[in-house]
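Q: Okay, here's the structure, questions in a sec.
The values are calculated or read from the model by the stated rules, or taken from the named source; none is laboratory data. As the structure is a prediction and not an experimental result, all values here were calculated from the model. Positions of Cβ are backbone-derived with ideal geometry, glycine not excepted, and every protein chain shown enters the neighbour counts.
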Amino acid sequence: MRLNESIVISAPPKLIWGYLAEPSNYLHFMSGVTRWEVEGEQRSGLGARYRMLIRVGSAEVGGLIEIVEWNEERDMAWSSVLGVDQRGRWRLRQLPDGRTRVELRFAYGVAGSGIPGWIAELFAAPQLGGHLRRSLQQLKRQVEHEQLRAEAAARQRERAGV
Amino acid sequence: MADEQTVSERAKQNGGGANGALHGRLGSLGDVGRVGGGLARAGGEFVRSGRRFGGALAQAGQQATADAASRAAREVSERLTADLDDRDPDHLREQLPLLWLIASFWFRGEVRDLGNIPEEGPVLMVGNHSGGNMTPDTFIFTLAFSTYFGVERAFHQLAHNLVMASPFARLLRSGGTVAASPENARTALESGAALLVYPGGDWEVHRPTRDRNKVDFAGRKGFIRLALDADVPIVPVVAIGGQETALFISRGAWLAQLLGADRLLRLKVLPISLAVPWGLNIGDFFGHIPLPAKITVEVLEPIDVREQFGDDPDLNEVYDYVTRVMQETLDTLAAERRFPVIG
């Protein structure tokens, strides 16, 4: 099953990327996520691993994931190493007006689980879709708030400089 | 030619003269007599063969019965052996979507505070047991544990011999279930696995629905000795809702005693309940379709028995403590519920 949600954020890709690259932020903006911990020495970048869980129905599902694509300020993709099969992607594209379109793609399933697996994927989709939408909304709110704060701080510095 | 000669000779032997025709006729008669004698002999042989066949059949039947009994005994014995290798993480992983569907949409299961379970190493999880032979809280917890820690982490549950001898045993064993015995429990913990036990066993799981919010281990303290011997923490696991999946009327301890099931099958109870689809359900041997009661499970903080109660702890004191904290949690969970079954 593949889910796809997107949102436009009034901030440059650099700011959003900075927010997404920091693993400690995920518990703050990702809806339904109950765990997002760095596994190993590498904190971010290609090859970084995280142990993540997201609440869906009666269970917290997820497992160990690894960053498999890291294209600064554009694309970040991950794939599962252990746990439920999953593949996700953050896709950032700057719009002509300076804002950024953020897309979150998420594909999941359990190989070999047959018809029950297919039904479970179908039944989990609305809940997971809701998590993705809320996550993007929270990301937008937090990044835009960060942007406003940064602009306010810059204005203050300007005034102080004057 | 040889046949004609034989016929003639036999005709002579049967009183035939020198005349060829007479010989022939007598020969024919003799032949008829021979055939008749042959028939009689064949008949006798047939009867003897029948007897032999019947005897052989009876022997074969006895042998087959003995073989079947031996096979059944061997199979039951194998099922009751704690072969931890029977746990099959790949099979369990493939079953998770089905478990998830049932747990999420039938029981609306909720498992809280799994983070209280130590991240690694052996641990003894002690639960209150509910739901008759169907025990929905066990499989909801198994699902939650397996998705939270991953199917790669070894996790075993102890089950009654009767459950392990049932046709579902193969499925249960692939999920990590082993027959309940102190040896099996020790083996599992020594292997470094997480182990879930229900000290209340069949006594607690078949308690009447009116006692659904009571923790009743029937004074069984073996789990404390087990934790001390294996030097592992005890993590209490409290579940509510299982005893609302049918109307449990009585444990039927008197019935088990009356029928000798306590001596023959280690069954202290022969539960009487009203359950789907049977109506009146005695023994619950074939299970039942559980009502869609909401199941909530809460994992409590680990108890290090030696750290909390000293190097030589009083088992009664530890037992009272464990059952008290579990009862308090169950009371809190019960206070959250507004309606039976609905939750």
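Q: B:TYR198 - would you say it is farther than 24 Å from B:THR245 by Cα, surrounded by 19 or more Cβ atoms within 10 Å (Cβ to Cβ), touching a helix residue (DSSP H, G or I) at 6+ places or on another chain (Cβ under 9 Å) and not aliphatic (A, V, I, L, M)?
A: Considered against the rule, which asks whether it is farther than 24 Å from B:THR245 by Cα, surrounded by 19 or more Cβ atoms within 10 Å (Cβ to Cβ), touching a helix residue (DSSP H, G or I) at 6+ places or on another chain (Cβ under 9 Å) and not aliphatic (A, V, I, L, M), B:TYR198 comes out as no.
Q: For the range B:227-242, give me each residue that is over 24 Å from the mean Cα position of the chain (by Cα) and assigned to a helix (DSSP H, G or I).
A: B:ALA227, B:LEU228, B:ASP229, B:ALA230
Q: I would also like to ask the following. Testing A:LEU104 on (1) within 14 Å of chain B (Cβ to nearest Cβ); (2) surrounded by 18 or more Cβ atoms within 10 Å (Cβ to Cβ); (3) among the aliphatic types (A, V, I, L, M), one condition comes back false. Which one is that?
A: Condition not satisfied by A:LEU104: (1).
Q: Six or more apart or on different chains, Cβ under 7 Å: which pairs go from a residue in the range A:118-138 that's farther than 10 Å from A:GLU5 by Cβ and touching a residue at least 12 places away in the same chain (Cβ under 8 Å) to one that's part of a helix (DSSP H, G or I) and of a type in the set (A, V, I, L, M)? Could you list them?
A: A:PHE123/B:LEU101
Q: May I ask you to list the residues in the range B:294-312 that are surrounded by fewer than 18 Cβ atoms within 10 Å (Cβ to Cβ) and acidic (Asp, Glu)?
A: Hits for the range B:294-312 are B:GLU301, B:ASP304, B:GLU307, B:ASP311, B:ASP312.
Q: Next up: Of all residues in the range B:114-131, count the ones that are more than 20 Å from B:MET326 (Cβ to Cβ) and either more than 14 Å from every other protein chain (Cβ to nearest Cβ) or of a type in the set (S, T, N, Q) (or both). Don't jump to the end; show me each part of the working.
A: Narrowing the range B:114-131 to residues more than 20 Å from B:MET326 (Cβ to Cβ): B:119-122.
Now restrict to residues that are either more than 14 Å from every other protein chain (Cβ to nearest Cβ) or of a type in the set (S, T, N, Q) (or both): B:121-122.
So the count comes out to 2.
Q: From the list B:ASP137, B:ASP85, exactly one residue is within 14 Å of another protein chain (Cβ to nearest Cβ) and at pLDDT below 95. Which is it? Steps first, please.
A: Details: B:ASP85 fails: within 14 Å of another protein chain (Cβ to nearest Cβ).
Only one candidate qualifies: B:ASP137.
Q: May I pose another question? How many residues does the range B:268-298 hold that are among the hydrophobic types (A, V, I, L, M, F, W, C) and within 20 Å of B:GLU204 (Cβ to Cβ)? Step through it out loud before you land on a result.
A: Keep residues of the range B:268-298 that are among the hydrophobic types (A, V, I, L, M, F, W, C), which gives B:269-270, B:272, B:274-276, B:278, B:280, B:282, B:285-286, B:289, B:291, B:293, B:295, B:297.
Then keep just the ones that are within 20 Å of B:GLU204 (Cβ to Cβ); that gives B:269-270, B:272, B:274-275, B:282, B:285, B:291, B:293, B:295, B:297.
Within the range B:268-298, residues that are among the hydrophobic types (A, V, I, L, M, F, W, C) and within 20 Å of B:GLU204 (Cβ to Cβ) number 11.
Q: A follow-up question, please. How about the range A:56-94: which of its residues are within 30 Å of B:PHE105 (Cα to Cα), crowded, with 16+ Cβ neighbours inside 10 Å and away from chain B (no Cβ under 14 Å)?
A: Those that are within 30 Å of B:PHE105 (Cα to Cα), crowded, with 16+ Cβ neighbours inside 10 Å and away from chain B (no Cβ under 14 Å): A:TRP78, A:ARG87, A:GLY88, A:ARG89.
Q: Which of the numbered conditions does B:SER166 fail, given that it passes all the others? Conditions: (1) within 14 Å of another protein chain (Cβ to nearest Cβ); (2) more than 18 Å from B:GLY127 (Cβ to Cβ).
A: (1) is the only condition that B:SER166 fails.
Q: Separate question: Name the one entry in B:LEU255, B:LEU247, B:LEU259, B:LEU264 that is touching a Ser or Thr at 6+ places or on another chain (Cβ under 8 Å) and either over 30 Å from B:GLU119 (Cβ atoms) or surrounded by fewer than 16 Cβ atoms within 10 Å (Cβ to Cβ) (or both).
A: Details: B:LEU255 fails: touching a Ser or Thr at 6+ places or on another chain (Cβ under 8 Å); B:LEU259 fails: touching a Ser or Thr at 6+ places or on another chain (Cβ under 8 Å); B:LEU264 fails: touching a Ser or Thr at 6+ places or on another chain (Cβ under 8 Å).
None of the others qualify; the one that does is B:LEU247.
Q: Hey, another quick one. Scan the range A:32-49 for residues that are within 14 Å of another protein chain (Cβ to nearest Cβ) and over 20 Å from A:ARG134 (Cα atoms) and jot them down.
A: Of all residues in the range A:32-49, those within 14 Å of another protein chain (Cβ to nearest Cβ) come to A:32-37, A:39, A:49.
Hits for the range A:32-49 are A:GLU37, A:GLU39, A:ARG49.
Q: Out of B:ARG207, B:ARG153, which single residue is within 14 Å of another protein chain (Cβ to nearest Cβ), touching a residue at least 24 places away in the same chain (Cβ under 8 Å) and touching a strand residue (DSSP E or B) at 6+ places or on another chain (Cβ under 9 Å)?
A: Values: B:ARG207 fails: within 14 Å of another protein chain (Cβ to nearest Cβ).
After ruling out the rest, the residue left standing is B:ARG153.
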